[in-house]
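Here is the structure we will look at, set down as structure tokens.
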């Protein structure tokens, strides 16, 4: 006897499998721990402002207002929704658009693998339009799939994970102009690319933007993400969200991070400079192909020796992420831009492998 939704029975359990090593360069995490960098301010706020016995707090509106100010470009607080990471916001988005068992969302491929995970969890199917080998795609092919009456959501990750490239503005705008379904632009890596479509929200009522604190505010463990869209869209999305789904402790910490955003902006610029430095060093290694990105990671490949290189790095206490599941990224690996020490150890190990 099976007690749950029939389509769940064949779904895999949600879990992440990465090799844990001393140098964790596999999950695009930041080497800066915000809870240590701002420990005194966070502790003071918890002591003086957090009321754990209450459901309601004015921090919710203060945080929403601070996020609107951070986004800028005329965005107001009623155009912001936040929750437990970008992943939970995806879950709510998928819940809001699913109509029936035939409903599906469309994404480019390869792209963020958990689009498929969270859509499946609510019974929303996923279709993918494969990128070309140069990480480009046909806008008309994309639109053709969007016009299927069962397509309820278009997703564009920009810059794309794991390829790291920016999608040309004209392609995204053309899609926004020619579909009557929501278009979710995933800007999780906005702070590393500097590219946003938030200035077009008033022009395109079907535009919904997703962001996260995991990378930009070095807070993967905090689980804080947010959506930017029209006030009308936020009002409708809020209907599928539990009233108290975001705890007050997380909200106070997120507000503290925003109040000290200069620390993270400076750190992100340092990571970008380190990315360029590492990319330059990798380009000089014969036998290694590396691809620069607009994110906090780099793609690289040793061709037919990539699996051997992956194991060599693990044996040297370095964990990177295989990206070769999709044919477009055959033999590719992904390395997170971490501390200077991690990057130095990684580059040294790569050189030793080829020597």
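The values are calculated or read from the model by the stated rules, or taken from the named source; none is laboratory data. Every value quoted in this text rests on a predicted model; they were computed, and no experiment measured them. Cβ sites come from the backbone with ideal geometry, for glycine too, and all protein chains shown count toward neighbours.
Just one of (1) out of contact with any helix residue (DSSP H, G or I) (no Cβ under 7 Å at 6 or more places or on another chain); (2) crowded, with 20+ Cβ neighbours inside 10 Å fails for residue 291. It is (2).
Look at the range 189-217: where a residue is outside the structural domain of residue 236 (by TED's automatic domain parsing), no partner that is assigned to a helix (DSSP H, G or I) and modelled with pLDDT under 95 sits 6+ places away or on another chain with Cβ atoms under 8 Å.
Looking only at residues in the range 241-275 that are closer than 30 Å to residue 134 by Cα and free of Cβ contacts under 8 Å to residues at least 12 places away in the same chain, the one that is nearest to the chain's Cα centre (by Cα) is 269. Would it be correct to say that residue 21 is in contact with a helix residue (DSSP H, G or I) (Cβ under 8 Å, 6 or more places away or on another chain) and more than 26 Å from residue 320 (Cα to Cα)? Taking the combined requirement at face value, the residue does not satisfy it. When each of 42, 46 is tested for being surrounded by 11 or more Cβ atoms within 10 Å (Cβ to Cβ) and either at pLDDT below 95 or not in a helix (DSSP H, G or I) (or both), the lone residue that passes is 46.
Screening residue 78 on (1) buried (at least 20 other Cβ atoms within 10 Å of the Cβ); (2) touching a helix residue (DSSP H, G or I) at 6+ places or on another chain (Cβ under 7 Å) shows it passes everything except condition (1). Checked against the criterion of being outside any loop (DSSP other than H, G, I, E, B), surrounded by fewer than 20 Cβ atoms within 10 Å (Cβ to Cβ), outside the structural domain of residue 25 (by TED's automatic domain parsing) and at pLDDT 95 or above, the candidates 236, 270 yield just one match: 236.
Flag set for residue 302, criterion: at pLDDT 95 or above and either closer than 30 Å to residue 90 by Cβ or in contact with a helix residue (DSSP H, G or I) (Cβ under 8 Å, 6 or more places away or on another chain) (or both). Residue 14 satisfies every condition listed in (1) assigned to a loop (DSSP other than H, G, I, E, B); (2) at pLDDT 95 or above; (3) not assigned by TED's automatic domain parsing to the domain that holds residue 345 except (2).
Inspect all residues belonging to the range 144-151 and state whether any of them is in contact with a helix residue (DSSP H, G or I) (Cβ under 8 Å, 6 or more places away or on another chain), modelled with pLDDT of 95 or more, farther than 26 Å from residue 8 by Cα and not assigned by TED's automatic domain parsing to the domain that holds residue 337. No: zero hits. Over 29 Å from residue 128 (Cβ atoms) and not in a helix (DSSP H, G or I), is that true of residue 351? When the stated conditions are applied, residue 351 does not pass them. When 118, 112 are checked against the criterion of being in the same structural domain as residue 164 (by TED's automatic domain parsing), over 20 Å from residue 239 (Cα atoms) and surrounded by 18 or more Cβ atoms within 10 Å (Cβ to Cβ), a single residue qualifies: 112. When 160, 132, 165 are checked against the criterion of being modelled with pLDDT of 95 or more, exposed (fewer than 15 other Cβ atoms within 10 Å of the Cβ) and farther than 19 Å from residue 100 by Cα, a single residue qualifies: 132. Against the condition under 19 Å from residue 214 (Cβ atoms) and touching a helix residue (DSSP H, G or I) at 6+ places or on another chain (Cβ under 8 Å), how does residue 96 come out, does it pass? Considered against the rule, which asks whether it is under 19 Å from residue 214 (Cβ atoms) and touching a helix residue (DSSP H, G or I) at 6+ places or on another chain (Cβ under 8 Å), residue 96 comes out as no.
Selection within the range 309-340: residues that are touching a residue at least 40 places away in the same chain (Cβ under 8 Å) and out of contact with any strand residue (DSSP E or B) (no Cβ under 8 Å at 6 or more places or on another chain). The member of this set that is surrounded by the fewest Cβ atoms within 10 Å (Cβ to Cβ) is 325. Checked against (1) closer than 25 Å to residue 68 by Cβ; (2) surrounded by 20 or more Cβ atoms within 10 Å (Cβ to Cβ); (3) in the same structural domain as residue 331 (by TED's automatic domain parsing), residue 282 passes all but a single condition, namely (1).
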